[in-house]
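Engineer: One structure is given below, represented as structure tokens, and several questions about it will come after.
The values are calculated or read from the model by the stated rules, or taken from the named source; none is laboratory data. From a predicted model like this one, the values you see are computed outputs, not experimental measurements. When we count neighbours, we look across all protein chains shown, and the Cβ atoms used for this are built from the backbone with ideal geometry, even at glycine.
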Amino acid sequence: MASTNADSSLDLTPAEIDKAQRHDANPLDGIWIFIVGDLFIFGSYFVTYALWRNWQHDVFLSAQRNLNLGFGLFNTMVLLVSSWFLAAALKAMRAADWDTSGRWTLATMACGLVFVVSKISEWTVEVGHGFVFTSNMFSQFYFWTTGVHLLHVLFGLLALFRLYLEVKDPTCRNVATAESAAAFWHMVDLLWLVIFALMYLTR
Amino acid sequence: MQYLFKGRIAPVWLGLTIVTLLSWLISSGQDNVMKPDLTVSMAVVVIAVIKARFVLREFMEVGHASRWLRVLSDVWVVGLPPAILVALSV
Amino acid sequence: MSAAAPPIPSGMVAKARWHLRHNPKADLWVAWWSIPIAYNIMGMVYFTITHMMPPPDPSKSQAEVVEFFTRYGFEIRLGFGVMLVSLAFLVWANGLIGWLIMKMDLPHAKAWGYAYMLAMCGGGFTGAYMSAFTMSVASLRPDRDPAMLQLLYDATYISFDGTMGFFLFGSLIWTYAILADKSRLFPKWFGYTCIWNFTTEFLVSPAVIVQTGPFSWNGTIAFWIDTIVYIGWQVIYVFMLYYAIKRVDPPKDRFRSMRLANLPGSRGTSVASTSGLSPQPA
């Protein structure tokens, strides 16, 4: 795969060819710029949420009763455990213990799936009680933010699945891909920590 | 199993879990009565952001990354709580 | 640039003429310049002439809507007059990006290039043309039934936000192409910034559901954060296209193939070998 990058029609310098080859070794290279951007975009949502919370404090407080703290706490724990498992998978990878690494990646994905199922059941319960997107300003923020976050979880699961396939395949396994995919997954966890605090715990 | 306890990841995970439970206790200490309380709100936000920094440094390994990344992630960590505090109290 | 080309003369007009004659990428550069020009015209029309942006309150009463169209009637017609003429300029930009996607080293590059251009056409039509029509129509006769004006007012902003699907999938195609492209025409990190753009397209979706708050069409999240991210991305995008044009191989002997295509009986020989078309059976 690497040799196809030295496409003479592109007229690249040797340094550029070398760079392209290194980039190609990691399909997720450059993900950090996305992660930082995402952190700041989410940061701007969090500040917007805080502003509206301030303006409609009573509405937000009474609407928060519709949330189930148990679900919130469980989801946070699940993501924290998943991050731990993934960190272990990376340690195994660095020790070139690919089989163990694959197992921990699968365990991480299992945690991610538990999160998805738990989040969807939480929404189902809330919608069943008549708490929906258009109920009030808090519910708009709540469904919106957790929805966008769930989308990130799904993308993260895809990235982990890809990582798992690579770990299984001796010809294309590499630690750099794993680091990028892991960074994305940990960001999903990190954002949830703040979302959990803002949506469930603020008073 | 050995990799779960290799390096600092296990104590970091344990710390994050304990702190999560702690912030839950701070918030729902008053029998789930929804009383407005800026101190509690800010406490849980600050705890969350500190947890976020541990995730950034210990799991995402930002500490070994290039300078712009370290600086920007710390700008986020240090900047978010004051921004939220201002938004919650203006 | 062919080896026989004379040196670049000084003087703006002479230089431009030289580039049009001898620079094999001259057409690409013209297409590239259409992007900053067209977006600046659009920005000016939306923000300063017509007062369409920042968007007014979605929950305006009928009387307020009538007031809006009466007050800005002339500016709206003037601005959209300018825009309806100049907007199609962006067709060149989309052609440029579509062509660059086709030049990438990825499976089915041509299909993705066409799909991208179609998505952009769809988005441009719903977002820019439909909203320009409804705004102009409403401001043409502000003495119409207020309910009709309100209908046109809502239609304007809903169609403006209704671009999201097209732009979302357009960006998704571009992101995929950049990340999958083995020739690395665009840097990978730029592909990841395209994800911001399609995420923000997704963000406007609640604007069709709610009328007030940060998720409505004039809200902090659905409009302001979205627009700031979009404009920031747009600046990066123009620069990235600049470098991509620098790096892409020039269209092979543009002038020769153009001349040959005009000669009777020349199809299937030189044109086929320079443009990649398969030779036609004799």
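For every residue, the table says whether it meets (1) farther than 21 Å from A:Val59 by Cα; (2) under 12 Å from the mean Cα position of the chain (by Cα); (3) surrounded by 14 or more Cβ atoms within 10 Å (Cβ to Cβ).
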{"position": "B:Ser28", "(1), (2), (3)": "no, no, yes"}
{"position": "B:Ile47", "(1), (2), (3)": "yes, yes, yes"}
{"position": "B:Trp68", "(1), (2), (3)": "yes, no, no"}
{"position": "B:Pro81", "(1), (2), (3)": "yes, yes, yes"}
{"position": "B:Ala87", "(1), (2), (3)": "no, no, yes"}
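Engineer: For A:Ala95, work out the one condition from (1) at pLDDT below 95; (2) more than 14 Å from chain B (Cβ to nearest Cβ) it doesn't fulfil.
Structural biologist: Status for A:Ala95: all satisfied but (2).
Engineer: Look through the stretch B:5-39, keep the residues that are touching a helix residue (DSSP H, G or I) at 6+ places or on another chain (Cβ under 8 Å), over 19 Å from A:Thr76 (Cα atoms) and of a type in the set (A, V, I, L, M), and return whichever of them is farthest from the other protein chains (Cβ to nearest Cβ).
Structural biologist: Within the stretch B:5-39, the match that is farthest from the other protein chains (Cβ to nearest Cβ) is B:Leu38.
Engineer: Would you mind stating whether C:Asn197 is under 30 Å from A:Ala50 (Cβ atoms), polar (S, T, N, Q) and either touching a strand residue (DSSP E or B) at 6+ places or on another chain (Cβ under 7 Å) or modelled with pLDDT under 85 (or both)?
Structural biologist: yes
Engineer: Another question about this same structure. Mind checking which pairs have a first residue in the stretch C:209-225 that is within 7 Å of chain A (Cβ to nearest Cβ) and a second that is of a type outside the set (Phe, Trp, Tyr) and in a loop (DSSP other than H, G, I, E, B), Cβ under 7 Å, 6 or more apart or different chains?
Structural biologist: C:Ile209/A:Thr134; C:Val210/A:Thr134; C:Val210/C:Ser216; C:Gly213/C:Gly219; C:Thr220/C:Pro214; C:Ile221/C:Pro214
Engineer: Select, from B:Ala43, B:Ala52, the only residue that is buried (at least 19 other Cβ atoms within 10 Å of the Cβ), within 25 Å of A:Val188 (Cβ to Cβ) and more than 7 Å from every other protein chain (Cβ to nearest Cβ).
Structural biologist: None of the other options fit; the residue is B:Ala43.
Engineer: Could you tell me whether A:Asn54 is out of contact with any strand residue (DSSP E or B) (no Cβ under 6 Å at 6 or more places or on another chain), over 17 Å from B:Ile9 (Cα atoms) and more than 8 Å from chain B (Cβ to nearest Cβ)?
Structural biologist: Considered against the rule, which asks whether it is out of contact with any strand residue (DSSP E or B) (no Cβ under 6 Å at 6 or more places or on another chain), over 17 Å from B:Ile9 (Cα atoms) and more than 8 Å from chain B (Cβ to nearest Cβ), A:Asn54 comes out as no.
Engineer: Residues that are in contact with a His (Cβ under 9 Å, 6 or more places away or on another chain), at least 1 per element: which helices (runs of 4 or more DSSP H) completely within the stretch C:1-100 meet that?
Structural biologist: C:26-43, C:62-86
Engineer: Can you pull out the residues in the stretch A:134-175 that are within 10 Å of chain C (Cβ to nearest Cβ) and either in a helix (DSSP H, G or I) or surrounded by fewer than 18 Cβ atoms within 10 Å (Cβ to Cβ) (or both)?
Structural biologist: Residues satisfying the conditions are A:Thr134, A:Met137, A:Gln140, A:Phe141, A:Phe143, A:Trp144, A:Thr145, A:Gly147, A:Val148, A:Leu151, A:His152, A:Phe155.
Engineer: Determine which single condition C:Asp249 fails, assuming it passes every other condition in (1) surrounded by fewer than 19 Cβ atoms within 10 Å (Cβ to Cβ); (2) in contact with a helix residue (DSSP H, G or I) (Cβ under 9 Å, 6 or more places away or on another chain); (3) more than 8 Å from every other protein chain (Cβ to nearest Cβ); (4) not hydroxyl-bearing (Ser, Thr, Tyr).
Structural biologist: Tallying (1) surrounded by fewer than 19 Cβ atoms within 10 Å (Cβ to Cβ); (2) in contact with a helix residue (DSSP H, G or I) (Cβ under 9 Å, 6 or more places away or on another chain); (3) more than 8 Å from every other protein chain (Cβ to nearest Cβ); (4) not hydroxyl-bearing (Ser, Thr, Tyr), C:Asp249 fails exactly one: (3).
Engineer: Suppose the filter is within 8 Å of chain B (Cβ to nearest Cβ) and crowded, with 21+ Cβ neighbours inside 10 Å; does A:Phe40 pass it?
Structural biologist: Judged against the criteria, A:Phe40 is not a match.
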